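Undergrad: Questions regarding the structure given below will be posed in turn.
The values are calculated or read from the model by the stated rules, or taken from the named source; none is laboratory data. On a predicted model such as this, the values are computed, not experimentally measured, just so you know. Cβ sites come from the backbone with ideal geometry, for glycine too, and all protein chains shown count toward neighbours. With ligands, DNA and RNA removed, areas are computed over all heavy atoms of the protein, side chains included. Shrake-Rupley method; radii C 1.70, N 1.55, O 1.52, S 1.80 Å.
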Amino acid sequence: MAKPIALAADHGGFELKEAVKAHLDELGLEYIDFGTHSTASVDYPDMALPACDAVVSGQCDKALLFCGTGVGISMAANKVKGIRACCCSDSFSCEYTRRHNDANVLALGAGITGPNLAKRMVEIFLSTEFEGGRHARRVALVDSIQP
């Protein structure tokens, strides 16, 4: 049985998160929404941490994070040991960050990525497998950089 997907957003990413949640419902995929639950101002690091902790602990398989650009929330996520977050705005990058980098968190920017592209990217991110092989050594090197 698949583990749920962790979701989190700041106020700038709230509406895109809600659109992606509706899409996950349509696909029959389970998720845990760690907030925010409105457009009231919140700090993206505070929103990223519980979702990333859920991935690291094994409660969730992967996380989808949302803010205005995707950059801030991905930077916060990458501070968590065991997280490999990518901030993507195109399908190709989204696919290859899974294939080659074994990313476990996808960050999307609501001011950059529209809901239709975001939904497609989420499908790609969740369905693309890590290729391993020569990439596994490189991912291990990246992981070793973290304190």
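Undergrad: Output the number of the condition that THR69 fails; it satisfies all remaining conditions of (1) open to solvent by 20 Å² or more (accessible area, probe 1.4 Å); (2) in contact with a helix residue (DSSP H, G or I) (Cβ under 7 Å, 6 or more places away or on another chain); (3) closer than 19 Å to GLU18 by Cα; (4) not in a helix (DSSP H, G or I).
TA: All conditions pass for THR69, except number (2).
Undergrad: Answer yes or no as to whether ASP143 is closer than 17 Å to PHE34 by Cβ, of a type in the set (Asp, Glu) and either part of a helix (DSSP H, G or I) or open to solvent by 60 Å² or more (accessible area, probe 1.4 Å) (or both).
TA: no
Undergrad: How many of the residues making up the stretch 72-88 are open to solvent by 10 Å² or more (accessible area, probe 1.4 Å), within 10 Å of CYS52 (Cβ to Cβ) and in a loop (DSSP other than H, G, I, E, B)?
TA: Residues that pass the stated criteria total 5.
Undergrad: Can you tell me how many residues within the stretch 90-140 are outside any helix (DSSP H, G or I), open to solvent by 40 Å² or more (accessible area, probe 1.4 Å), closer than 19 Å to CYS60 by Cα and not charged (D, E, K, R)?
TA: Residues in the stretch 90-140 being outside any helix (DSSP H, G or I), open to solvent by 40 Å² or more (accessible area, probe 1.4 Å), closer than 19 Å to CYS60 by Cα and not charged (D, E, K, R): 2 in total.
Undergrad: Now a separate question. When you check ALA9 against the structure, is it under 24 Å from ILE145 (Cβ atoms) and open to solvent by less than 30 Å² (accessible area, probe 1.4 Å), yes or no?
TA: No.
Undergrad: Then there is this: So for the stretch 25-47 (the condition being surrounded by 19 or more Cβ atoms within 10 Å (Cβ to Cβ), part of a helix (DSSP H, G or I) and out of contact with any Gly (no Cβ under 9 Å at 6 or more places or on another chain)), does at least one residue qualify?
TA: no
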